[in-house]
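The structure under discussion appears below in the form of structure tokens.
The values are calculated or read from the model by the stated rules, or taken from the named source; none is laboratory data. Keep in mind that what you see is a predicted model, and the values were worked out from it rather than measured. Here the Cβ positions follow ideal geometry from the backbone for every residue, glycine too, while neighbour counts run over all protein chains shown.
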Amino acid sequence: MRDPISLDDLTSNNLGTFKKINTSSLPVKYPESWYKDSLNKDQIISLGYYRELPVAGIKLKTISTQHNINCFETGIQQQLNSKILPNAVYIESFAVLKPYRHLGIGSKLLDFAIEKTKQHFVHEITAHVHVDNHEALDWYLKHGFQKDENVLKDYFKQQGLPNPDAYIIRMKV
Amino acid sequence: MSKLIQKKKVGAPILTNKEDENFYEALKLYDQLQHKKALKLVTASLKKNSNHAACLALKGCLNYQLGNKSEAEAPILKAIGKEPRNHYVNHLAGMYYKLIDNYEEAAKWMKAAVDNGSPNTGIIRDLAYVQTQIRDYKNLVVTRQQFLEKQPGYRANWTSVAVAHHMNGDHQQAYTTLQKIEDIIREHLNEGDRYEQSECILYKIQLIGESGLVEKALDQLEKDEREIKDKLAFLEMKGRYLLMLNRKKEASVVYRQLLKRNPDNVQFYILLETSLESASKPVEIRLKLFDKLASFYPKSDPPKFVPLLFLPASHPEFKSRVREYLLSQLKRGFPATFVNLKPLYKNLAKRAIIFDIVNEFHNLELSQFDPTVAVWTKFFLAQHYLYVNDLEKAEESINEAIEHTPTLVELYILKARIIKHKGDYELASAIMEEGRELDLQDRFINSKSTKYLLRANKVDQAIDTISLFTKLDKDAANGLKDLHVMQANWVLVESAEAYVRIYKNYVKQLQALEAKDEHEEGDKNIEEEKEEILENIDMYMGLALKRYNAIVKNFKIFFQDQYDFHSYCPRRGTPRDYVETLKWEDKIHTTPIYIRVIKGLSGIMFEIYDDQVRKHNAQLKELLEEEDTKSKKKSNGKKKLKSPKSQLIKKKSKLVPLVELEKDDQDPFGSKALSDLQNNANGKIMDILLELAKTVSDEDPMLKTPWEIVINVYLNEGKYVLALQAIRSLEKVMTRRGSAKSRLVGEYVLKLDESINKDTQINSAIAQVVSKSIIAAFPEFTKDAPDAFLAIYCQ
């Protein structure tokens, strides 16, 4: 049987789908401008499909670990200080619709992320995970990420999440 | 179009004077499309001799070609008056009327040219096209024959004669003609002629069959088998003829062959059953047949589905088979599973079984399958609930589905439909939009979204939406012009209906305001508000009229477009398709969308007519009252506007680019079309309407809407006898539809009676005659007991 999972690019036509996946599976809100900028050429994005239905999406960017990302809003800003050379890839958003989890779609998208990381000649993927999001944290740890000792205080504060702290997670590739 | 001057000049004209010489010179230039030069010559000649008829006629055509259309007909009429037997004049007149699509006149003058000795063979051919266009088959036979005699070397000309005979109802002559050329040409056929040969043979056989000689048709078919390229048509005809001859066993062999070619055509299965006479046999035997067929064609749907149609719901096999059929589709994620099963839904018991299966599957088994199965199952359930009109449950199911997979476009389409059925067009449209935004390049939902926006009366937004898929000219505000070019009638009709709803809303506002006005006489703000509303009513009424008229025009074009086929099809050697096209064109106005158009137009026109009558009566009344008092008087209904406010003009000028249907549209809001109607003498509107309705009822007298229009027109005009006739025609339609004592008919009878009673000017003798005729036609009718009558006419 054909592999039910496939990946595809984001276009101006299915941007609405990407947005729908994020808004219906993530507790945080991305501003309209963030979606608009997703179509820029330098963006690293992929949609995940299960049996032809779009059910997952990931958006990445290159950063330097020296950047001081202390809250969600900074994390998803388009322009981080570009004088510092990037040395990692940062996961801005990563979502799989609930009924479609544990089918291997996330792993495919992570493979995509790893490949893109290598193409950019950097060797680290990093992200922030909400401390209460055990499902995500377990998933990342299972897939080779490690979490920092320290918790980042109030990372999700402006998003109004209860218990707004975040773990920083990293993986060497 | 035939050239006026033929290359081989048969007896070149002897030039007697300068004007004639100039005329032939100008003709040559005309044929070379050198219109300006030709006009110069003609004008010069006419200066010397203003009575030169041929020059006058040519001038008319040249004026038309050069865009001076208003000065085209006059010189032609003058020329005809002077020399009605001059074949040049006749020819030019014929060409002119063809150019303006007046085929009757064109045929008349082209015929005159031929009869008056035009040496031009092209005109005969043109005459044939024009005669076909107006369906004058009797004369067409003569014309095609005439042309054949001039050029017997082309098969197309023989085929054309045959088609003319056929359409004229003379199958025998048509057949003879075809057979003759077939015998002549048989020895001389090239490889490239083989397809034409095949088509002509099939046409010939079809003619034999149509004239009732089925056995002969079958014989011929088998004799000519080797020459027939269209194997599908061959087999289908063979099967049909065998069935007609009651040679069922042989027919069954043919249908098995056809199934082998295309096992997905359900028609072949049904015809196979007919030829095997299995439909009347016990279901077990039929089941066996279909199981066998299913094993031959495991990938085809019909052998699995057809048994579900004939198995009774109580049969033990039904449940297991339908379960297997539908669950296998759900598990594979077929979006169309419900649509596939819908034919079974007419049977209540089957419907219940299907629902139980899906519901149980949904509640108990979903976890064993991948998540897409769940969403398609919920989708199915929502469709089921919508079908049985349980809108609450339908909404619940579709919400569950959207919650499960919010990225699936189909779900939003269905949810919008459910909400639409609940009557909330605004919300329905918003949901459709939500779905559309998921995939902007999905053309289907784009169209749906457009339609739903129009249903919510958001015309501009709708046009913007569909404009994503139209060709946009530079600096065009939207794709409306392209939608007209593409003849997107469904958009136009939905727009027109939206405009009608919008203006009716304004009418309601106006009435509310007028009710208020009673108490606050002469309030200035209210007067201004009223004026604006009146302006809006006129604007949207005009726009509705304009969109409707655009569709009427498109249908005219559809009809005109067949013109080229009168020459093209015979040349390509496709007489079977050509005949079918002609028959189709004969009925194009019965297309549902056209019925909607005449219905919508009649609504507007009756309203304008009523308004005219009201105004007329008010004027009379005013005249009478003016004698008594000279105080200010308000007339009933819509008054003529004072000069519209500058604001309104500004608002409208901004709207122009959004609503115009061609560049520099002279009447972007249809206000001229509207005021033309409004200022028309009373009867004229009814005439226009009558013609629209008659066009349709002539093509198919078994449609309801045209008769209703005709009845109302005649009632308005006080032509009661004709109204009664139309009511009887409507009765036939309703009876055919299974309601013998239709309520609709009953109500029109009462309306007719009431109109007669109300009519103060009616001749009492006529009133008596009509009343008697009513009772003759509807014996249950008595004047004093309308309720009793309606109690009988209640279906």
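The table that follows gives values for the structure above.
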| quantity | calculated |
| --- | --- |
| Region B:464-490 - residue that is assigned to a loop (DSSP other than H, G, I, E, B) and within 19 Å of B:Arg547 (Cβ to Cβ) and, of those, modelled with the lowest pLDDT | B:Ala476 |
| Failed item, numbered, when B:Tyr345 is tested on (1) assigned to a loop (DSSP other than H, G, I, E, B); (2) of a type outside the set (Gly, Ala, Ser); (3) more than 14 Å from every other protein chain (Cβ to nearest Cβ) | (1) |
| Tally, over region B:332-389, of residues that are over 27 Å from B:Pro302 (Cβ atoms) and hydroxyl-bearing (Ser, Thr, Tyr) | 2 |
| Which numbered condition A:Asn68 misses (of (1) loosely packed, with under 14 Cβ neighbours inside 10 Å; (2) under 25 Å from A:Leu161 (Cα atoms); (3) at the interface with chain B (Cβ under 10 Å from one of its Cβ atoms); (4) of a type in the set (S, T, N, Q)) | (3) |
| Filter result (in a helix (DSSP H, G or I) and more than 20 Å from B:Asn712 (Cα to Cα)) within region B:736-771 | B:Arg736, B:Ser764, B:Ala765, B:Gln768 |
| Options B:Thr407, B:Thr377: the member that is modelled with pLDDT of 95 or more and in contact with a strand residue (DSSP E or B) (Cβ under 6 Å, 6 or more places away or on another chain) | B:Thr407 |
| Condition broken by A:Ile69, with the remaining ones in (1) farther than 30 Å from B:Pro335 by Cβ; (2) in contact with a helix residue (DSSP H, G or I) (Cβ under 6 Å, 6 or more places away or on another chain); (3) modelled with pLDDT of 95 or more satisfied | (3) |
| Filter result for A:Gln146 (more than 22 Å from A:Tyr30 (Cα to Cα), surrounded by fewer than 20 Cβ atoms within 10 Å (Cβ to Cβ) and more than 17 Å from the chain's Cα centre (by Cα)) | no |
| Residue in region A:97-109 that is nearest to A:Ile125 (Cα to Cα), counting only those that are out of contact with any Pro (no Cβ under 6 Å at 6 or more places or on another chain) and within 11 Å of another protein chain (Cβ to nearest Cβ) | A:Ile105 |
| Matching entry among A:Leu85, A:Leu39 (being among the hydrophobic types (A, V, I, L, M, F, W, C), within 14 Å of chain B (Cβ to nearest Cβ), free of Cβ contacts under 8 Å to residues at least 60 places away in the same chain and not in a strand (DSSP E or B)) | A:Leu39 |
| Candidates B:Ala462, B:Ala430, B:Ala476, B:Ala498 - the one that is closer than 30 Å to B:His362 by Cα and either of a type outside the set (Phe, Trp, Tyr) or in contact (Cβ under 8 Å) with a residue 12 or more places away in the chain (or both) | B:Ala430 |
| So B:Gln197, is it under 30 Å from B:Arg240 (Cα atoms) and crowded, with 18+ Cβ neighbours inside 10 Å | yes |
| Residue that is nearest to the other protein chains (Cβ to nearest Cβ) [pool: residues in region B:411-464 that are of a type in the set (Phe, Trp, Tyr) and surrounded by fewer than 20 Cβ atoms within 10 Å (Cβ to Cβ)] | B:Phe444 |
| Residue satisfying all of: in region B:716-755; β-branched (Val, Ile, Thr) and buried (at least 19 other Cβ atoms within 10 Å of the Cβ); farthest from the chain's Cα centre (by Cα) among these | B:Val749 |
| Tabulated pairs, region B:661-680, first surrounded by 17 or more Cβ atoms within 10 Å (Cβ to Cβ), second assigned to a loop (DSSP other than H, G, I, E, B), C-beta under 6 angstrom, 6+ apart or interchain | B:Pro668/B:Glu660 |
| Search result, residues across region B:303-356 that are under 22 Å from B:Phe290 (Cα atoms), among the aromatic types (Phe, Trp, Tyr) and more than 36 Å from the chain's Cα centre (by Cα) | B:Phe318, B:Tyr325 |
| Matching option when the condition is at positive phi, away from every other protein chain (no Cβ under 14 Å) and either in contact (Cβ under 8 Å) with a residue 24 or more places away in the chain or not in a loop (DSSP other than H, G, I, E, B) (or both), among B:Asn363, B:Asn389, B:Asn340 | B:Asn389 |
| Test: B:Leu33 is modelled with pLDDT of 85 or more, of a type in the set (A, V, I, L, M, F, W, C) and assigned to a loop (DSSP other than H, G, I, E, B) | yes |
| Residue that is within 14 Å of chain A (Cβ to nearest Cβ) and assigned to a helix (DSSP H, G or I), where the choices are B:Glu400, B:Glu395 | B:Glu400 |
| Residue check, B:Asn549 assigned to a helix (DSSP H, G or I) and either touching a strand residue (DSSP E or B) at 6+ places or on another chain (Cβ under 8 Å) or not β-branched (Val, Ile, Thr) (or both) | yes |
| Scope region B:212-226; condition surrounded by 15 or more Cβ atoms within 10 Å (Cβ to Cβ) and basic (Lys, Arg); matching residues | B:Lys216 |
| Which listed residue, of A:Thr11, A:Thr23, A:Thr17, is within 14 Å of chain B (Cβ to nearest Cβ), part of a loop (DSSP other than H, G, I, E, B) and closer than 26 Å to B:Leu468 by Cβ | A:Thr11 |
| Elements of type strands (runs of 3 or more DSSP E) in region A:120-173, at least 3 residues being free of Cβ contacts under 8 Å to residues at least 40 places away in the same chain and not hydroxyl-bearing (Ser, Thr, Tyr) | A:146-152 |
| Region B:44-72 - residue that is charged (D, E, K, R) and under 20 Å from B:Gln34 (Cα atoms) and, of those, farthest from the chain's Cα centre (by Cα) | B:Lys59 |
